[in-house]
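First up is the structure itself, then whatever we jot down about it.
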Amino acid sequence: MILSRKWLNTFVDCAAVGDREFAEAMTLSGSKVETYEDLHDAIQNVVAGRIVKMTRHQNSDHMWVCQVDVGGDAPIQIVTGAQNQREGDMVPVALDGALLPGGVEIHASELRGERSDGMICSLKELGLTTHDYPYAIEEGLFILQEPDVRPGDDMAVVIGRDDHVVEFEITPNRPDCLSVIGLAREASATLGLPLTLAQPVVKGCDDDIHNHVAICIDEPELCPRYTARMVRNVKIEPSPAWMRERLRNSGVRPINNIVDITNYVMLEYGQPMHAFDFSCIGGKQIVVRRARAGESVQTLDGNERALTPNMLCICDGEKPVAVAGVMGGANSEIVGDTAMVVFESANFNGPSVRRTATALGMRTEASGRFEKGLDPQATVAAVNRACELVELLGCGEVMQGVIDVVPNPFPQTTVRLEPQKINALLGTDVSEDEMRRILLSLGFGLEGSTIRVPSWRGDVEHYSDIAEEVARFYGYNSIPNTLMRGETTAGGYTDRQKAERRIGALARTLGYNEIITYSFISPAYYDKIRLPEDSPLRDSLKILNPLGEDTSIMRTTVLPSMLEILTRNFNYRNKSVKLYELGKVYFKRLDGMADEPKVLCLGAYGEDMDFFRIKGAVENLLQGLRIEDPAFEADASNPSYHPGRCAKVLAGGRELGVVGQLHPLVAENYGVDAELYTAELWLDALLDARGGTPVYEPLPRFPAVTRDIAVTCDAAIPVAKLQDCIRRAGGETLRQCELFDVYTGAPIPPGMKSAAFSLAMRADDQTLTDEHADEIVRAILDALRDTFNATMR
Amino acid sequence: MKQMLQELREVSVSAILNAPDSDALEALRIQYLGKKGELTKLLKQMGRLAEEERPAVGQLANQVRAEVEDAIASRRAALSERMLQARLAAETVDVTMPGTRAAIGHEHPMYVVLDEIKDIFIGMGFEILDGPEVEQSDYNFTKLNTDEGHPAREWSDTFYLTEDSSILLRTQTSPMQVRAMESKPLPIRMVAPGRVYRKDEVDATHSPMFHQIEGMVIDKGVTMADLKGTLDAVMKKLYGEDTVTRFRPHHFPFTEPSCEMDVQCHKCGGRGCPTCKGEGWIEILGAGMVHPKVLEGCGIDTEVYSGWAFGMGLERLAMRRFRISDLRLIFENDVRFLEQF
């Protein structure tokens, strides 16, 4: 809402309050100011001037040298190339050092040898159009026809730019503030200045609207009120300068007197109006009904609109003449020869108007107001104001009578004034007198402790709403700041939340950077990660109205999200990238909602990356969570991963997730010519697998004996199996068994490998003898030979 | 004899003090003090001296031995010190060369800010709740006093998963207010961060997915003064003790009275500058007293209990904190970006 402060001053004289102060005060009482502007700032040093003499430029075949009286002792000389001026014309003159809209500066200069002390301006150079001054022309100088303008007068004042405009962001609960009067009421209460409102007065003529038209509402739900008046002998012409200026300063383009009046009343009262050319209303009746299937109407913007029965229309005896609350029809538009006008001032159901406007793709000033739910009591005053303006402008004869169709009466909302309750909610000590004063200043009625809510305040229905009114004008910032009392609560992170934070910290310690990815993906991404057609992971929740295919389903795996980010970094030529995300995946549930478990996903590529590095990171993470005895099992069946470089991660028999190198075909699908490594671990499984509090184990008192062994066995036997066998055979005394070498190639026979382990043996009650250690090593070698046919090298 | 001892003293001490290294010093020690050394040899000749000369010569001999030993000890110390110095010099490194670092990962800037905020609320006795992102319209709208017909419910603004508009992607973390009230014993002090979704095309300030943190307190006698005091304290912890807040009336369907909280622009101190778009204040969050209809809908007796709640966008907070100019950077996850935080 753009507010002209000159217009506002006609209701609340607050000219003495500076823009900044005004903006701050209004913002703090709830009418948030976005910007404010002194319109005069844009036009400076431009005055009215009379051309007293004009002669041909000696060195030009089209320029004129004008002597212009700008109110000084002597005329100034200005050279112009324009042709539409005559001696005696009053014109806008930009003097030396003048500023014009758009930041254009004008300086005295010389044009082909003739001095020019400024510039005579066109409409455009003053930021105007022929809508603002219909008598002027676009191409050529702006020849002023305004009365009472004298040479030297400030042009900004002449064209009504001596105004300040304030742009408000009005919350949707306050459509009453989308009007000059609504904001005047707020300003009056905010600044403590009197509000002056006048009832419109209409003289009328000897005819009556009831002689001409009947109005019928078929849909009282969608149109709770329809009010109309008529004007005859209409003379369509431009509206006066003051009206055009106020409209323009409020951001509305002037059209003609009747249309301008409807816009003026909408801005002033907040009540959208419409004017019909009565000659186009067939059957002498106006019917407010739903559109019939197949009906259409050409709206004022020239577009043919197909209507549906969801849409409310204003119709004559047979056809729609307007889309209710949205836009009028071209078939009843006010045109140059319009003689009889019907003013409509109606109340329409907000959601219905919004849906219609959305469906037709046309949000208008009117629909934007109606959709928020307007005051049904405002229609009569608004239509009377329009008729008052008709008489003021002398553009027609207003008929007697108002047709006001109200199918159902409007209830009066009342709320009890409960000062203690309000103070208890706010934490304040505002007196009842102060509360009453605030409410009265806003137009609330008070009878004892009953508050009568004014009709334009549809948002107020409860004591908490009254509390807000009190707080707004008592001042939100006058409410004390207190800390909470009452029962103390333990609060704090849960055990699982702490563990989640720990996982993040561990991942970062391991060099992985945290990422955040979208929860929605494209179904095509499942193809990119090679999920089989029948994979249950493809059964994703679908967004029925997605922004696009790429964000159309809820992911059931974090893999595509991670791969997208790895790919992006790869394409940015970032070398050696390590990333992690703790993100949700979404699985359909029978009740329509989703299971939303979290997954820890690691992703990496780069020269320092291979299977064992990412596996090592997973092992470090598990270790950091005290997950005991994790196991890694080769998994050649995961379609997204390299069949020879993928492992299931297990602990305590439960699957924690997967780690491995992405299948080269997946990398190819992403256009990445590098080995990509990822791990996906279920957060819940990780948290459940965590070990308990560690228990101190006494430090060894006796030294350990170490032995290295190397065995040759079938190359297909996993090292983990060899280690299991060694541990079993080594018993309690074997404390450590670490792989330190795996070797294939001569002299080891093809299909065989050599695996070397470092063993550490120790007893708790004595120093282990060499004989005892040798005995254990023998037992281990025997077991390896018996189990795997592995022989010592 | 005396003269010989004195000569020996002069020659040996001088040689010792000039010994170039510890090997030469050891050789000198043997030369003079060894079993077959020169001093020993001289002393063996003592027997030839007259009886009365012996004590004086003996004394002199002991004196010479002591002096030679002292000279050796002192030279040894000097040589050892010199060796240490030489070793230290040889071991000197260029300390300006780069250290050997382990590559440490970085927390995402949005989570950096979120963690700070969570810690602050944890310190005030709040707990942290997580809830569904695939949510029922009932929780996202209806129970939050946002009736059918409200513009936010339009399919143009909200992502829906069912034709009847009953299941959607939550557009705000506010449904967690209702979920907390329905499931937790009173009093409640909770914050609930998480992902939210709105049908906005991606640009420098919009994303169809972003994050909010919701907070709510329900207790006996909770006031708007408590709301102000608590959020003011949170901002002082987040932005520093000299932070100035202000509260403006605003509108949310599920709070009444409602407000927005601004923080005075740190750059201009409220005078107005490009950072705060000339306003002097920067909008941080929306808040208000939980609407009585919402409380009643959750079965809470509004005669006894009241509450306040707030909701805050996290991306904008992180962007302001780290002066990130474009929201898209947050979700792009370029490591050159991530490693800056």
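Suppose the filter is in contact (Cβ under 8 Å) with a residue 60 or more places away in the chain, within 30 Å of the chain's Cα centre (by Cα) and more than 14 Å from every other protein chain (Cβ to nearest Cβ); does A:THR517 pass it? Give the derivation first.
Numbers: in contact (Cβ under 8 Å) with a residue 60 or more places away in the chain: yes; within 30 Å of the chain's Cα centre (by Cα): yes; more than 14 Å from every other protein chain (Cβ to nearest Cβ): no.
No, not satisfied.
Every test in (1) in contact with an Asp or Glu (Cβ under 8 Å, 6 or more places away or on another chain); (2) hydroxyl-bearing (Ser, Thr, Tyr); (3) within 14 Å of chain B (Cβ to nearest Cβ) is passed by A:SER449 save one, and that test is (3).
Among B:PRO175, B:PRO185, which is more than 9 Å from every other protein chain (Cβ to nearest Cβ), over 22 Å from B:GLY313 (Cα atoms) and free of Cβ contacts under 8 Å to residues at least 60 places away in the same chain? Talk me through it step by step, then tell me what you get.
On the way: B:PRO175 fails: over 22 Å from B:GLY313 (Cα atoms).
Exactly one of B:PRO175, B:PRO185 is more than 9 Å from every other protein chain (Cβ to nearest Cβ), over 22 Å from B:GLY313 (Cα atoms) and free of Cβ contacts under 8 Å to residues at least 60 places away in the same chain, namely B:PRO185.
With respect to the conditions (1) of a type in the set (Gly, Ala, Ser); (2) under 30 Å from A:PRO546 (Cβ atoms); (3) without any contact (Cβ under 8 Å) to a residue 60 or more places away in the chain, B:GLY280 lacks only one, and its number is (2). Considering (1) at the interface with chain A (Cβ under 9 Å from one of its Cβ atoms); (2) surrounded by fewer than 21 Cβ atoms within 10 Å (Cβ to Cβ); (3) closer than 20 Å to A:ASP595 by Cβ, the lone condition that B:ASP138 does not fulfil carries the number (1). Does any residue of segment A:462-481 turn out to be in contact (Cβ under 8 Å) with a residue 24 or more places away in the chain, facing another protein chain (nearest Cβ under 9 Å) and in a strand (DSSP E or B)? Among the residues of segment A:462-481, not one is in contact (Cβ under 8 Å) with a residue 24 or more places away in the chain, facing another protein chain (nearest Cβ under 9 Å) and in a strand (DSSP E or B), which makes the answer no.
Being crowded, with 17+ Cβ neighbours inside 10 Å and touching a residue at least 60 places away in the same chain (Cβ under 8 Å) is a description that does not apply to B:GLY286. In segment B:50-63, the condition of being touching a Lys or Arg at 6+ places or on another chain (Cβ under 7 Å) and either surrounded by fewer than 12 Cβ atoms within 10 Å (Cβ to Cβ) or of a type in the set (A, V, I, L, M) (or both) is met by at least one residue.
Has segment A:482-505 got at least one residue that is modelled with pLDDT under 95, facing chain B (nearest Cβ under 8 Å) and buried (at least 19 other Cβ atoms within 10 Å of the Cβ)? Yes, segment A:482-505 contains at least one residue that is modelled with pLDDT under 95, facing chain B (nearest Cβ under 8 Å) and buried (at least 19 other Cβ atoms within 10 Å of the Cβ).
When segment B:33-48 is filtered for residues that are in contact (Cβ under 8 Å) with a residue 24 or more places away in the chain, of a type outside the set (Asp, Glu) and within 16 Å of B:ILE72 (Cα to Cα), the ones remaining, listed by number, are B:LEU33, B:LEU39. Of all the criteria given as (1) at the interface with chain A (Cβ under 9 Å from one of its Cβ atoms); (2) over 30 Å from A:ARG369 (Cα atoms); (3) buried (at least 17 other Cβ atoms within 10 Å of the Cβ), the one not satisfied by B:ASP115 is (3). A count restricted to segment A:362-375 and to residues that are part of a loop (DSSP other than H, G, I, E, B) and over 29 Å from A:GLN400 (Cα atoms) stands at 6.
I'd like the full set of residues that are without any contact (Cβ under 8 Å) to a residue 24 or more places away in the chain and either at positive phi or surrounded by 11 or more Cβ atoms within 10 Å (Cβ to Cβ) (or both), limited to segment B:69-82. Talk me through it step by step, then tell me what you get.
The first filter runs over segment B:69-82 and keeps only residues without any contact (Cβ under 8 Å) to a residue 24 or more places away in the chain, leaving B:70, B:73, B:77-78, B:81-82.
Passing the criteria: B:ASP70, B:ALA73, B:ALA78, B:ARG82.
When residues in segment B:218-252 are screened for being more than 8 Å from chain A (Cβ to nearest Cβ) and either of a type outside the set (Val, Ile, Thr) or not in a helix (DSSP H, G or I) (or both), 15 of them pass. Hey, does segment A:289-308 have a residue that's in contact with an Asp or Glu (Cβ under 8 Å, 6 or more places away or on another chain), in contact (Cβ under 8 Å) with a residue 40 or more places away in the chain and away from chain B (no Cβ under 14 Å)? Within segment A:289-308 (the criterion being in contact with an Asp or Glu (Cβ under 8 Å, 6 or more places away or on another chain), in contact (Cβ under 8 Å) with a residue 40 or more places away in the chain and away from chain B (no Cβ under 14 Å)), the answer is yes, since at least one residue qualifies.
Scanning segment B:188-201 for residues that are touching a residue at least 40 places away in the same chain (Cβ under 8 Å) and not aliphatic (A, V, I, L, M) yields B:ARG189, B:PRO193, B:GLY194, B:ARG195, B:TYR197, B:ARG198, B:LYS199.
Taking the listed residues A:ALA339, A:ALA346, A:ALA378, A:ALA359, the one that is among the hydrophobic types (A, V, I, L, M, F, W, C), away from chain B (no Cβ under 14 Å) and assigned to a helix (DSSP H, G or I) is A:ALA378, with no other qualifying.
Rundown of residues vs (1) within 11 Å of chain A (Cβ to nearest Cβ); (2) modelled with pLDDT under 95, yes/no style:
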residue	(1), (2)
B:LYS267	no, yes
B:GLY280	yes, yes
B:GLY288	yes, no
B:GLU303	yes, yes
B:MET312	no, no
B:ARG321	no, yes
B:ASP326	no, yes
B:ASP334	yes, no
B:PHE341	yes, yes
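For a quick check of your reading of the model, give me the residue pairs whose first member lies in segment B:93-109 and is facing chain A (nearest Cβ under 7 Å), whose second is surrounded by 18 or more Cβ atoms within 10 Å (Cβ to Cβ) and modelled with pLDDT under 95, with beta-carbon atoms closer than 6 Å and at least 6 apart or on different chains. Pairs that qualify, where the first residue is facing chain A (nearest Cβ under 7 Å) and the partner is surrounded by 18 or more Cβ atoms within 10 Å (Cβ to Cβ) and modelled with pLDDT under 95, are B:HIS106/B:PHE341.
Please count how many residues of segment B:73-112 are of a type in the set (Gly, Ala, Ser) and outside any loop (DSSP other than H, G, I, E, B).
First, the residues of segment B:73-112 that are of a type in the set (Gly, Ala, Ser): B:73-74, B:77-78, B:80, B:86, B:89-90, B:99, B:102-103, B:105.
Cutting the leftovers down to outside any loop (DSSP other than H, G, I, E, B) gives us B:73-74, B:77-78, B:80, B:86, B:89-90.
Residues flagged as of a type in the set (Gly, Ala, Ser) and outside any loop (DSSP other than H, G, I, E, B) within segment B:73-112 amount to 8.
What tally of residues in segment A:26-45 results from selecting those that are within 26 Å of the chain's Cα centre (by Cα) and either in a helix (DSSP H, G or I) or free of Cβ contacts under 8 Å to residues at least 40 places away in the same chain (or both)? Spell out the reasoning first.
Step one: filter segment A:26-45 for residues within 26 Å of the chain's Cα centre (by Cα), giving A:26-37.
Filter again for either in a helix (DSSP H, G or I) or free of Cβ contacts under 8 Å to residues at least 40 places away in the same chain (or both), leaving A:26-28.
Result for segment A:26-45: 3.
If only one of B:GLY297, B:GLY272 is at positive phi and surrounded by fewer than 19 Cβ atoms within 10 Å (Cβ to Cβ), which one is it? Matching residue, one of B:GLY297, B:GLY272: B:GLY272. Under the condition of being in contact with a strand residue (DSSP E or B) (Cβ under 7 Å, 6 or more places away or on another chain) and farther than 16 Å from A:ARG728 by Cα, the residues counted in segment A:771-793 number 4. If only residues of segment A:433-445 that are in contact with a strand residue (DSSP E or B) (Cβ under 7 Å, 6 or more places away or on another chain) and surrounded by fewer than 22 Cβ atoms within 10 Å (Cβ to Cβ) are counted, the one that is nearest to the other protein chains (Cβ to nearest Cβ) is A:PHE444.
Quick one: would you say A:TYR525 is facing another protein chain (nearest Cβ under 7 Å) and aromatic (Phe, Trp, Tyr)? Explain how you work it out, then say what you get.
Numbers: facing another protein chain (nearest Cβ under 7 Å): no; aromatic (Phe, Trp, Tyr): yes.
No; evaluated as a whole, the condition is false for this residue.
Scan segment A:649-656 and tell me whether some residue there is crowded, with 18+ Cβ neighbours inside 10 Å and closer than 20 Å to A:MET562 by Cα. Within segment A:649-656 (the criterion being crowded, with 18+ Cβ neighbours inside 10 Å and closer than 20 Å to A:MET562 by Cα), the answer is yes, since at least one residue qualifies. Filtered by the rule that a residue be free of Cβ contacts under 8 Å to residues at least 40 places away in the same chain and either within 36 Å of the chain's Cα centre (by Cα) or under 12 Å from A:GLU469 (Cα atoms) (or both), segment A:429-443 gives A:MET435, A:ARG436, A:ARG437, A:LEU439, A:LEU440.
Provide a single number: the residues in segment B:141-165 that are assigned to a loop (DSSP other than H, G, I, E, B) and either within 7 Å of chain A (Cβ to nearest Cβ) or closer than 20 Å to A:THR358 by Cα (or both). Lay out the reasoning, then the answer.
Initial filter on segment B:141-165 (assigned to a loop (DSSP other than H, G, I, E, B)): B:141, B:145-150, B:154-159, B:161-165.
After this cut, where a residue has to be either within 7 Å of chain A (Cβ to nearest Cβ) or closer than 20 Å to A:THR358 by Cα (or both) as well, the list is B:146-150, B:154-159, B:161-165.
Residues flagged as assigned to a loop (DSSP other than H, G, I, E, B) and either within 7 Å of chain A (Cβ to nearest Cβ) or closer than 20 Å to A:THR358 by Cα (or both) within segment B:141-165 amount to 16.
The values are calculated or read from the model by the stated rules, or taken from the named source; none is laboratory data. Keep in mind the model is a prediction, meaning the values are calculated, not measured. Cβ: placed from backbone, ideal geometry, glycine included. Neighbour counts: every protein chain shown.
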